[in-house]
1. Put one equal scatterer on each alpha carbon of the chain, apply the Debye formula with no solvent term, and list log10 I(q)/I(0) at q = 0.10, 0.13, 0.14 1/Å to two decimals.
2. Place a +1 charge on the Cβ of each Lys and Arg in the stretch 183-324 and a -1 charge on the Cβ of each Asp and Glu, then give the dipole magnitude about the Cα centre in debye, rounded to the nearest 20.
3. So which trypsin sites (Lys or Arg not before Pro) in the stretch 37-99 end up in coil per DSSP with only 16 or fewer other C-beta atoms within 10 Å?
4. Measure nothing but the geometry: give the 0 to 90° angle between the long axis through the Cα atoms of 104-114 and the longest principal axis through the Cα atoms of the chain, rounded to 10°.
5. Hey, for a label at GLU201 modelled as a point 7 Å past Cα toward Cβ, could you say which residues of the stretch 106-141 have their backbone N under 11 Å away?
6. Just need log10 I(q)/I(0) for the stretch 138-251 at q = 0.12 Å⁻¹, Debye formula, equal scatterers on the alpha-carbon atoms, no solvent, rounded to two decimals.
7. Quick one: with all protein chains in place, what share of the accessible area of the chain is carbon or sulfur, to the nearest percent (1.4 Å probe)?
8. Most fluctuating residue of LEU108, LEU49, LEU156 in a GNM of the chain with Cα springs under 10 Å: which is it?
Amino acid sequence: MNYIVLDLEWNQCPDGREGKVEHLPFEIMEIGAVKLDEDFQEAGEFHRLIRPQVYPELHYKILEVTHMDPERLKRSGMTFVQAAEEFFDWCGKDCRFVTWGSMDLTELQRNMTYYQMESPFPHPLLYYDAQKLYCLLYGDGKTKLSLDQAVAQQGLESDEPFHQALDDARYTGRLLARMDFQKVRPYVSMDYYCLPGSREEEVFLRFPGYTKYVSSIFPDRERAMQDKVVTDMVCPVCNRMLRKKVRWFPLGQRSCYGLAVCPEHGLVKGKIRVRREEYGGTYVIKTMKPATEEEAELIRQKHEAGRKKRNTRNHIRQKKGRKR
C-alpha cells in the first residue's frame, strides 16, 4: 500500500460573505502530493495549478500567505475537473491518504461536488492526520503545531517556501518518515464530509484506550439526543452496556458529557459532540474512555453546576412570568 501525502492551496471569495457561493467557501487552485511507499520513501510527485472559475480574483489574505501569481494561474492553470481526474489516476487504488490537518480532504470533496464529479473515495473515508500524529508523538496530544513549527522542531531543511502545495506535501512526507509510525498507526482519522447514510452505515472505531461512534444524520439536535444508540454508554474495553452514574448533560452548545461504571473495568466517561451537517442536518460523534476518580469527580461537579445554573434561569423566568 502507498501513502498519498496531499496538500491543497485554495482561494476564497474576495468580497466576503456577500459573494460567497453556497457550499463552496474555498476554491482549490493548487494540488500537490507526494507518494510514499510502505517504508515512507518517496516514490513519486504530483503537482497541478488550477485556473480559478468561481472566485477569479484572489483574496488579499490568500495572496499574502501563498504568494501565488494570479497571472501564472490564468496562464498555466487547468480546470479543476481535469486536475482532479489526473490526480486520482496518479494515486492508484491501493493507497491511504495523509494530510497535515483535517481540512484538505473535505475541501477536495466540496469542490468535486460543486463540479458534479463522482467520488472515488471509500465510505467511511479514513486517513492519517499527520499533524495529530505528530502531536501524539512529540507533544501533549492536544496542542497542535503548524507545519513550519514541526519542521523547525525536527531540524529539517526548509529551503523551499511553505504554503505551496507540493513543498508542503514534501515537508509532511519527511516528517512522517521521521516519526515512529508504529506507535501511532492505530490512530486513523475520519473525514466527516460524507456521513453515514443509514443506521447500518454508522461508524464504530476502536482506538487504544477509547472508542468513537459517528452517527447518521438526524433532523436536529433534539432528535439526535432522543436516539438510544446515541445515548447508550458502552464500555470501551469489553463493549458491555453500562449503567449511567451521571446521565448525559449539556456543557456549552455543542457538547454533552456523561459518566457510567463497568462492573469489570470501572469508571467510564462519555462525550458527545453535536455537529451541523453540510446541508443542515445534525450528527454526533461520541467517544467513550476509561475515567479516573478525579475525572469522574470533575464531571459530577460540572453536572451539578449546570443543574444549579438551569434552576436559576428557570426561577428568573418564572418570576418574570408572574410579574406580567
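1. Per q value, in the given order, log10 I(q)/I(0) is -0.72, -1.09, -1.19.
2. Working: 34 positive and 16 negative charges, 264 e Å.
That gives the stretch 183-324 a dipole magnitude of about 1260 debye.
3. Values: sites: ARG48, LYS61, ARG72, LYS74, ARG75, LYS93, ARG96; in loops: LYS93.
Here the trypsin sites (Lys or Arg not before Pro) that fit, given the DSSP loop and packing criteria, are LYS93.
4. Once rounded, one gets 80 degrees.
5. 123-125
6. -0.70
7. 46 percent
8. Maximum fluctuation in the GNM of the chain, among the listed residues, is at LEU156.
The values are calculated or read from the model by the stated rules, or taken from the named source; none is laboratory data. Everything numeric in this text was worked out from a predicted model, so none of it was measured. When we count neighbours, we look across all protein chains shown, and the Cβ atoms used for this are built from the backbone with ideal geometry, even at glycine. Keep in mind that these areas ignore ligands, DNA and RNA; they rest on the heavy atoms of the full protein, side chains included. Shrake-Rupley method; radii C 1.70, N 1.55, O 1.52, S 1.80 Å.
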